[in-house]
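The values are calculated or read from the model by the stated rules, or taken from the named source; none is laboratory data. Just so you know, these numbers come straight off a predicted model, no measurement behind them. For neighbour counting, all protein chains shown are included, and Cβ atoms are generated from backbone atoms with ideal geometry for every residue, glycine included. These area figures cover heavy atoms from the full protein model, side chains too; ligands, DNA and RNA do not enter into them. Shrake-Rupley method; radii C 1.70, N 1.55, O 1.52, S 1.80 Å.
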Amino acid sequence: MLEFELNFAPVFASYELLLQGAWMTIQLSASAMAIGLVLAVLGAWAKTSGPNFLRGVVSGYVEIIRNTPFLVQIFFIYFGLPSLGLKLDPYSAALLAMVINVGAYATEIIRAGIESIHKGQLEAGYALGLKPRQNFRYVVLKPALRTVYPALTSQFIFLMLTSSVVSVISAGDLTAVGSTIGSQTFASFEVYFVITAMYFVMSIGFSSLFSVIERAAFRYPSNR
């Protein structure tokens with residue numbers, strides 16, 4: 001029988017690198033989510049109120065991203081774009097891939113929220129003299145965000161966990177740091193055990209934070 005002894009000492013000796021990797025993962029995820037939400041709001045507006053041509057473009061973008069693997073998207077951006085003269089460093093390529101990916105998913109989430117708004121509220125906004133953009137901003141967007149907030153926070157958690165894929169281009173995230181430590185210490189099981197625990201703690205921590213934000217930001221009475 002093979003004997004195996006756990007040795008976490010080499011892993012804990014590299015805790016600073018692991019914390020840096022975790023911080024990089026959070027930075028990547030938060031930046032991608034923030035930019036992706038802007039893209040998603042524009043995409044949702046285009047799909048619900050934009051001209052037919054723009055609706056077609058956004059629908060094509062959403063379908064392509066949602067029906068192709070994230071890993072392939074990263075490889076296309078990091079290895080494919082240089083052939084067109086656009087070369088990105090690993091961090092920028094990872095961020096761009098994550099923005100494009102989350103933007104497509106969040107577009108559909110926000111679109112569903114917008115379409116959940118009763119038409120009577122829109123008509124009331126126009127009756128008060130609001131312009132289409134003002135009506136979208138003040139009457140539609142905030143109630144829609146309240147409806148889709150849980151789905152968006154879940155999407156952020158999913159994005160943060162999926163960001164581990166960017167380690168394939170050495171983007172410096174938690175998984176990439178763990179792979180480097182594992183190859184240096186040969187303590188692969190211990191390294192990935194610790195990394196798994198760190199991802200779990202980050203997910204639970206952000207879920208709790210988002211719950212607090214939801215209670216603080218959306219506690220006004222619902223019209224339903």
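Select the helices (runs of 4 or more DSSP H) contained entirely in the stretch 84-187, then report the ones holding at least 1 residues which are crowded, with 21+ Cβ neighbours inside 10 Å. So that I can check it myself, show each step before the final result.
Details: elements: 90-115, 119-127, 142-162, 174-185.
In the stretch 84-187, the matching helices (runs of 4 or more DSSP H) lie at 90-115, 142-162, 174-185.
Can you name every residue in the stretch 27-48 that is of a type in the set (A, V, I, L, M, F, W, C) and either surrounded by fewer than 17 Cβ atoms within 10 Å (Cβ to Cβ) or more than 13 Å from M160 (Cα to Cα) (or both)? Outline the logic, then answer.
We begin by selecting, within the stretch 27-48, every residue of a type in the set (A, V, I, L, M, F, W, C); these are 28, 30, 32-35, 37-42, 44-46.
A30, A34, I35, L37, V38, L39, A40, V41, L42, A44, W45, A46 - these are the residues of the stretch 27-48 that are of a type in the set (A, V, I, L, M, F, W, C) and either surrounded by fewer than 17 Cβ atoms within 10 Å (Cβ to Cβ) or more than 13 Å from M160 (Cα to Cα) (or both).
Which one is nearest to T25 (Cα to Cα) among residues in the stretch 62-119 that are of a type in the set (S, T, Y) and under 14 Å from the mean Cα position of the chain (by Cα)?
Start the filter on the stretch 62-119 by keeping residues that are of a type in the set (S, T, Y), which leaves 68, 78, 83, 91-92, 105, 107, 116.
If we keep only those that are under 14 Å from the mean Cα position of the chain (by Cα) as well, we get 105, 107.
Values: Y105: 20, T107: 23 Å.
Among residues in the stretch 62-119 that are of a type in the set (S, T, Y) and under 14 Å from the mean Cα position of the chain (by Cα), the one nearest to T25 (Cα to Cα) is Y105.
Restricting attention to the stretch 66-83, which residues are within 16 Å of S163 (Cα to Cα) and open to solvent by less than 40 Å² (accessible area, probe 1.4 Å)?
F70, Q73, I74, I77
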